[in-house]
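Working notes, structure below.
The values are calculated or read from the model by the stated rules, or taken from the named source; none is laboratory data. These numbers come from a predicted model, not from an experiment. Quick reminder, even Gly has a Cβ in these numbers, built from the backbone with ideal geometry, and neighbours come from all protein chains shown. These accessible areas exclude ligands, DNA and RNA; they are computed on the full protein's heavy atoms, side chains included. Shrake-Rupley method; radii C 1.70, N 1.55, O 1.52, S 1.80 Å.
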Amino acid sequence: MSKDKVALIIGAGDYLGSAIARRFAKEGFHAVGTRRRGDLTSFVKEIEESGGKATGKYSDARKEKQVVELVEWVENQIGSIDVFVFNIGGNVMFPI
């Protein structure tokens, strides 16, 4: 198991969330970025190529069971979570 500090960033999308993860990685954290869908490979590769540590994991933050399983997975596979960033939002259209 890693002895690195661990930052779990839920909502590590293409913009703000991945920027948060990159910054934590730059500061020496193992950045674990999650998202519901989309490519996590380039996110992890970019951080690793700059000398950081990163892991990408798919999880839907709208589903409590998936978040619980994610936290357990991170703590068992990577290490104790030092920082937890819950960076989710949504653009949901509905009639008024």
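So, in the stretch 68-89, of the ones that are in a loop (DSSP other than H, G, I, E, B) and polar (S, T, N, Q), which residue ends up nearest to the chain's Cα centre (by Cα)?
Asn87
How about the stretch 74-86: which of its residues are surrounded by 11 or more Cβ atoms within 10 Å (Cβ to Cβ) and either over 14 Å from Ala31 (Cα atoms) or among the β-branched types (Val, Ile, Thr) (or both)?
Of everything in the stretch 74-86, those that are surrounded by 11 or more Cβ atoms within 10 Å (Cβ to Cβ) and either over 14 Å from Ala31 (Cα atoms) or among the β-branched types (Val, Ile, Thr) (or both) turn out to be Val74, Ile78, Ile81, Val83, Val85.
Mind telling me which of the residues Lys3, Lys65 ends up being assigned to a helix (DSSP H, G or I) and charged (D, E, K, R)? First the steps, then the outcome.
Working: Lys3 fails: assigned to a helix (DSSP H, G or I).
Exactly one residue qualifies, and that residue is Lys65.
Just need a number here: residues in the stretch 35-50 that are open to solvent by less than 70 Å² (accessible area, probe 1.4 Å) and in a helix (DSSP H, G or I). It would help to see each step written out before you state the result.
Narrowing the stretch 35-50 to residues open to solvent by less than 70 Å² (accessible area, probe 1.4 Å): 35, 38, 40, 42-44, 47.
Still in the running and in a helix (DSSP H, G or I): 42-44, 47.
Total meeting the criteria: 4.
Give Lys26, Lys53 a once-over and let me know the one that is open to solvent by 40 Å² or more (accessible area, probe 1.4 Å) and touching a His at 6+ places or on another chain (Cβ under 6 Å). I'd like the intermediate steps shown before the answer.
Numbers: Lys26 fails: touching a His at 6+ places or on another chain (Cβ under 6 Å).
From the options Lys26, Lys53, the qualifying one is Lys53.
Name the residue that is farthest from Ile78 (Cα to Cα), counting only residues in the stretch 1-12 that are out of contact with any helix residue (DSSP H, G or I) (no Cβ under 6 Å at 6 or more places or on another chain) and open to solvent by less than 20 Å² (accessible area, probe 1.4 Å).
It comes out as Ile10.
If Leu70 satisfies every condition in (1) touching a helix residue (DSSP H, G or I) at 6+ places or on another chain (Cβ under 7 Å); (2) modelled with pLDDT of 95 or more; (3) surrounded by 16 or more Cβ atoms within 10 Å (Cβ to Cβ) but one, which is the exception?
(1)
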